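Chemist: The structure is given below, and queries will be raised subsequently.
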Amino acid sequence: MNFLGKTFWITGASSGMGKAVAVALAKFNTRIIISGRDIDSLQITAEEIEKNGSRARIEVLDMQDATSIIRTAKKVLADKEKIAGLYHFAGISQ
């Protein structure tokens, strides 16, 4: 698959596999929308993405909150930018 210049949305991107995939995709000059609950950790991920030559957009998202899911999805999809892939790594903790 040709990732060059495409947009990807990654949930759970503040740590673990989500962050690893986001940083790896950044090496292909992509636009990456990163989501998670922890804005500080997302900012660190965004900095790593941008160091690798891609653009990052942060969208805070809590997968335990239906309102957050709907609001964030509407916001991302309102841009009418074609999303080449959605990688869902957000876990739900108690």
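Chemist: So is residue 45 touching a helix residue (DSSP H, G or I) at 6+ places or on another chain (Cβ under 8 Å) and assigned to a helix (DSSP H, G or I) or not?
Modeler: The answer is yes for residue 45.
Chemist: Could you look through region 22-43, keep only residues that are among the aliphatic types (A, V, I, L, M) and under 23 Å from residue 65 (Cβ atoms), and pick out the one that is nearest to the chain's Cα centre (by Cα)?
Modeler: Residue satisfying both the conditions and the ranking: 34.
Chemist: Here is a further query. Would you check if residue 49 is surrounded by 14 or more Cβ atoms within 10 Å (Cβ to Cβ), farther than 13 Å from residue 11 by Cα and within 11 Å of the chain's Cα centre (by Cα)?
Modeler: In short, yes.
Chemist: Filter region 65-82 for residues that are loosely packed, with under 11 Cβ neighbours inside 10 Å and in a helix (DSSP H, G or I) and give the result.
Modeler: Matches in region 65-82: 66, 67, 70, 74, 78.
Chemist: Go through (1) part of a helix (DSSP H, G or I); (2) open to solvent by 60 Å² or more (accessible area, probe 1.4 Å) and name the single condition residue 25 misses.
Modeler: Just one mismatch for residue 25, condition (2).
Chemist: Among the residues of region 83-94, which ones are in a loop (DSSP other than H, G, I, E, B) and in contact (Cβ under 8 Å) with a residue 60 or more places away in the chain?
Modeler: 89, 90, 91
The values are calculated or read from the model by the stated rules, or taken from the named source; none is laboratory data. Computed from a prediction, not measured in an experiment: that's the story for all the values here. Don't worry about glycine lacking a Cβ; one is built from the backbone with ideal geometry, like all the others, and counts go over all protein chains shown. These accessible areas exclude ligands, DNA and RNA; they are computed on the full protein's heavy atoms, side chains included. Shrake-Rupley method; radii C 1.70, N 1.55, O 1.52, S 1.80 Å.
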